[in-house]
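The values are calculated or read from the model by the stated rules, or taken from the named source; none is laboratory data. Being a predicted model, the structure only gives us computed values, none of them experimental. Here the Cβ positions follow ideal geometry from the backbone for every residue, glycine too, while neighbour counts run over all protein chains shown.
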Amino acid sequence: MERRVLSQTHRGMARESLPSRKLALGALIAFGALAAAPLSAQAAAPAACAALQEKYPDWKGKTLVNAINPHTPGYETIDPKDPNKYIGFDIDIGEAIGECLGFKLTYKPVTFAALLTTLAAGQADIVISDIYATKERAKAADFITYSKVFDGVLVAKGNPKGINGINMSMCGAAAAENTGYVEVPLIQALMPECKKAGKPEPTVQLYDNNANCIQAILAGRADTYVNDVNTVDSAVKAYPDKLEKAIAVTIPYSVGIAVPKDKPKFRDAVLAALIEVQKAGTHMELLKKHGLDVNNFKEPDILTAD
Amino acid sequence: MSLFLHYLSMPYLLEGIELTLEVTALGLGGGLILGLILAGMQLSRFWLLAAIARAYTVIFRGTPLILQMVFAYDALPHIGIKLPAVLAAGLALACNEAPFIAEMLRAGVLGVDRGQVTAGQALGMTPSVLMRRVIAPQAIRTMIPAFGNEAVSALKNSSLASVVAVQELTLRSTQLASSTFDFFSIFFASGLLYLVLTFAISIIQLFVEWLLDLDRAKDGKKGRERKLADYLPWRRVDLATQLEPAGVTIPDPVQAELTDTPPLALTREERTRRAVTIARNNIAVETKDLTKSYGTQKVLGGLDLTVRIGEVVALLGPSGSGKSTLLRCINHLESWDGGTVRVGGRRLGFDDDGKLLSPRAIANERATVGVGMVFQQFNLFAHLSAKENIAGPLRWVHGMTRIDADRRAAELLERVGLTHRADALPRHLSGGQQQRVAIARALAPNPSVLLLDEPTSALDPELVNEVLEVIRRLAIDDGLTMIISTHQIRFADEVADRVAFLSGGSIIEEGPAHEVLTNPRNPLTARFLSVMEADKTPEAVR
């Protein structure tokens, strides 16, 4: 019974955190301008997009597959009201790019670690799933970066271990992470340092989605979970009595859209379309729509292995 | 609770069941097909096929399913095979299930009594008929529980398809949990959905077991019918003994009839006349210089035997003297190292150039030449009624119509006095009755020679006579050519025209039955006979 009450509280909290729910709740008036904004912004640059479609005609009228790890509220999850649909910032920005280049997107949900392998196997055409663009990952795919990274440190309420970042305060702690996350090597790099300082080493527990990492802290199996600050915030909103954000840390990466290495033309087309989408103001509007920090905004760059 | 019910009835999750079932069905169906091929390869007489199947089993049984899923989904596209996610997952599951199913099939096949297989071969069944009519029906019955197990495990394993983006129940549950944070309500709901599915599989399994239960009386005439309810876990019906054979209590009319008949032993004049007639007959069976060894142990050492049409030859000798091996060589159930065997002038199992034929061709030849065989352990087909044991092979091997085969079976059952037991399963018949059915089965295709391998050795003493009586009539009334290996000295004396005494794989003494048995020349024969007589004494006193 306790769980039921709890869960409903969580639902309530989650509802408040998600603008889409606010819309459903009738706060349409307040958000009307915002919701309409992307459309009018999009309409502002039809000529540029038409020119791009002429320059890159290969994808016009096509339906492409976007591989996602739909476990990151705010960026990509299924829509709790219509679970056959996906919602989030990444979903919307991908569709804005698609609209500009004239293609539609379908979604393929995979584990985080499988995002790039799915792309490399040709089972997907593009990956827009809050994935950090690193040199290491660029060996498997080309990236078009579009967002800065701020990480949050999720801990149990009251921060009993006093963790304040990926630093010596994490010695001896158990960190839950998603398989394949960039935070994993950062925490592993702490191990020799802790040892040198005569402290116990941190341990890393690998899970295959965001929800399982959060559950690990709730169950007392892990002490911390370091991930994108917006993800951490939504977890705290869902379990305000049990979780808190210790601190935000800066991670030297950008979030990127991954495309196959052997399709530079597609990479260039996506880059050009993203520039148009940003120019039209859509990028910024979408950040606001999904309750994300506007400081995440970043002008696009290409990241490749060489 | 209300959240739990909300997710339990959520169409999004229920639709996931469809994909779960699709992947399971592909895995099980594909696994069954692949498993059949694998099992066939492993049981094959070609070693290369068996080795390939072994290697496959080692690889696919020895690696985790999750890797196979990822391989089928992400690696195959690199060699140009890009399957949709459901198919890739189904393929991986099928490849993974196949070795397990193959082992189940193999265990089922190997579990079928070897004696029945030999009996089928002796009746001239080709390997494929044998598989279809004798081995498969029995193997399938024993494999159902294991197959039910496999189906449940495949259903649960299908959840691993979530790693290759198949939107089945587990993937839908985790995505839903990520977007709503209702972790436990969702997983309890999807757990219950899995339970419902596996429960349904259990029900199907029990139903099929009941459907194929041989004791489920089809005509309701005898015994008590086994109900589906008997399979419920809390029922304690002893599946093995509760349905006690009704036959034990039914008085056996033939028994009385047989004991009333005066002894059919021939007089001395009749014997002489028979001997003269037989001496003029053609040769039915002839072995020349037959040799065979198992490793270093010699079983047959240059054995010569000639049997003429209408002649009854009794093979005597201690256990291990080669009697059974000789009989099995005559209809080529066993191969030998040197020498020749001719039945009706033909070298059974070899073509005109003396080359060994395939098992299938040997089977066909057995059926045409007509060598019937009766075994010590009866070897009736356990899943067939007495009548079907006789009629079945007539249809499958000799192409008789059902009506003709049934008529012939009824005729033979009457002859061995078992008309009233026509519908009984072998396990509901006494040993003597089983052996009489086995004799009827061997006689059904009108064989030119009947081989009997210690036909009464496995019988309780009080059941021996009913079987001997049937054999005696065949010899004297029907003039059937028979070679009988036996320990029944008195019976040999009464029925056989000639006895051959085997020791160490050769005939050390042979001659007219009465002469050899009453006046043996070889000391070994004499000693064997005196031991056998000594054994008999207590019975004689009684």
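Only one of the listed residues (A:261, A:288, A:245) is under 20 Å from residue A:130 (Cα atoms), in a loop (DSSP other than H, G, I, E, B) and charged (D, E, K, R). That residue is A:261. Taking the criterion of being without any contact (Cβ under 8 Å) to a residue 24 or more places away in the chain, at the interface with another protein chain (Cβ under 7 Å from one of its Cβ atoms) and buried (at least 17 other Cβ atoms within 10 Å of the Cβ), the only residue of region B:72-87 that qualifies is B:77.
Of the residues screened, residue B:144 is not one that is buried (at least 16 other Cβ atoms within 10 Å of the Cβ), touching a residue at least 40 places away in the same chain (Cβ under 8 Å) and within 14 Å of chain A (Cβ to nearest Cβ). Restricting region B:204-231 to residues that are of a type in the set (Gly, Ala, Ser) and surrounded by 14 or more Cβ atoms within 10 Å (Cβ to Cβ), the residue that is modelled with the highest pLDDT is B:217. Remark: residue B:447 matches the filter, which requires a residue to be assigned to a loop (DSSP other than H, G, I, E, B), touching a Gly at 6+ places or on another chain (Cβ under 8 Å) and crowded, with 21+ Cβ neighbours inside 10 Å. Among the residues making up region A:97-120, a single one is within 26 Å of residue B:176 (Cβ to Cβ), among the hydrophobic types (A, V, I, L, M, F, W, C) and away from chain B (no Cβ under 14 Å): A:105.
For region B:264-286, the criterion of being within 23 Å of residue B:524 (Cβ to Cβ), touching a residue at least 24 places away in the same chain (Cβ under 8 Å) and either hydroxyl-bearing (Ser, Thr, Tyr) or touching a strand residue (DSSP E or B) at 6+ places or on another chain (Cβ under 8 Å) (or both) is met by no residue. The requirement of being under 30 Å from residue A:125 (Cβ atoms), within 14 Å of chain A (Cβ to nearest Cβ) and of a type in the set (A, V, I, L, M, F, W, C) is fulfilled nowhere in region B:25-36; no residue meets it.
Among the numbered conditions (1) within 11 Å of chain B (Cβ to nearest Cβ); (2) surrounded by fewer than 24 Cβ atoms within 10 Å (Cβ to Cβ); (3) within 22 Å of residue A:207 (Cβ to Cβ); (4) at pLDDT 90 or above, the only one that residue A:88 does not meet is (2). Kindly establish whether residue B:293 is under 23 Å from residue B:438 (Cβ atoms), surrounded by fewer than 20 Cβ atoms within 10 Å (Cβ to Cβ) and polar (S, T, N, Q). Judged against the criteria, residue B:293 is not a match.
Against the definition (modelled with pLDDT of 90 or more and in contact with a Gly (Cβ under 9 Å, 6 or more places away or on another chain)), how does residue B:151 come out, yes or no? Let's see the steps before the verdict.
On the way: modelled with pLDDT of 90 or more: yes; in contact with a Gly (Cβ under 9 Å, 6 or more places away or on another chain): no.
Spelling it out, it is not the case that residue B:151 is modelled with pLDDT of 90 or more and in contact with a Gly (Cβ under 9 Å, 6 or more places away or on another chain).
On the stretch given as region B:166-186, residues that are at pLDDT below 85 and either within 27 Å of residue A:116 (Cβ to Cβ) or under 53 Å from the mean Cα position of the chain (by Cα) (or both) total 2.
Restricted to region A:70-79, and to residues that are touching a residue at least 60 places away in the same chain (Cβ under 8 Å) and either of a type in the set (Ser, Thr, Tyr) or at the interface with another protein chain (Cβ under 9 Å from one of its Cβ atoms) (or both), which residue is surrounded by the fewest Cβ atoms within 10 Å (Cβ to Cβ)?
The initial filter retains those residues of region A:70-79 that are touching a residue at least 60 places away in the same chain (Cβ under 8 Å), namely A:71-75.
Imposing the further condition that a residue be either of a type in the set (Ser, Thr, Tyr) or at the interface with another protein chain (Cβ under 9 Å from one of its Cβ atoms) (or both) reduces the set to A:71-73, A:75.
Working: A:71: 29, A:72: 26, A:73: 28, A:75: 28.
Among those that are touching a residue at least 60 places away in the same chain (Cβ under 8 Å) and either of a type in the set (Ser, Thr, Tyr) or at the interface with another protein chain (Cβ under 9 Å from one of its Cβ atoms) (or both), it is A:72.
Can you pull out the helices (runs of 4 or more DSSP H) entirely within region B:1-109 that have at least 3 residues that are within 25 Å of residue B:186 (Cβ to Cβ)? Walk me through how you get there before you give the answer.
Numbers: elements: B:2-8, B:11-43, B:47-62, B:65-70.
Correct list: B:2-8, B:11-43, B:65-70.
Report whether or not residue A:232 is more than 14 Å from chain B (Cβ to nearest Cβ), aliphatic (A, V, I, L, M), in contact with a strand residue (DSSP E or B) (Cβ under 7 Å, 6 or more places away or on another chain) and not in a loop (DSSP other than H, G, I, E, B). Answer is no for this residue.
For the subset of region B:177-211 comprising residues that are out of contact with any helix residue (DSSP H, G or I) (no Cβ under 8 Å at 6 or more places or on another chain) and not aliphatic (A, V, I, L, M), which member is nearest to the other protein chains (Cβ to nearest Cβ)? Restricting to residues being out of contact with any helix residue (DSSP H, G or I) (no Cβ under 8 Å at 6 or more places or on another chain) and not aliphatic (A, V, I, L, M), the top hit is B:179.
Does region B:456-466 include one or more residues that are of a type in the set (Ser, Thr, Tyr), assigned to a strand (DSSP E or B) and either surrounded by 19 or more Cβ atoms within 10 Å (Cβ to Cβ) or in contact with a strand residue (DSSP E or B) (Cβ under 7 Å, 6 or more places away or on another chain) (or both)? Walk me through how you get there before you give the answer.
Pass one, region B:456-466, residues of a type in the set (Ser, Thr, Tyr): B:456-457.
Subset that is assigned to a strand (DSSP E or B): none.
No, region B:456-466 contains no residue that is of a type in the set (Ser, Thr, Tyr), assigned to a strand (DSSP E or B) and either surrounded by 19 or more Cβ atoms within 10 Å (Cβ to Cβ) or in contact with a strand residue (DSSP E or B) (Cβ under 7 Å, 6 or more places away or on another chain) (or both).
With respect to residue B:164, is the statement that it is away from every other protein chain (no Cβ under 14 Å) and of a type in the set (A, V, I, L, M, F, W, C) true? Spelling it out, it is not the case that residue B:164 is away from every other protein chain (no Cβ under 14 Å) and of a type in the set (A, V, I, L, M, F, W, C). Across region B:34-61, the number of residues qualifying as β-branched (Val, Ile, Thr) and over 19 Å from residue B:110 (Cα atoms) comes to 3.
Scan region A:121-147 for residues that are within 26 Å of residue A:211 (Cβ to Cβ) and within 11 Å of chain B (Cβ to nearest Cβ) and report the count. Final tally of qualifying residues: 3.
Please determine whether any residue of region A:71-80 is modelled with pLDDT under 90, β-branched (Val, Ile, Thr) and out of contact with any helix residue (DSSP H, G or I) (no Cβ under 7 Å at 6 or more places or on another chain). The answer is no, given that none of the residues of region A:71-80 is modelled with pLDDT under 90, β-branched (Val, Ile, Thr) and out of contact with any helix residue (DSSP H, G or I) (no Cβ under 7 Å at 6 or more places or on another chain).
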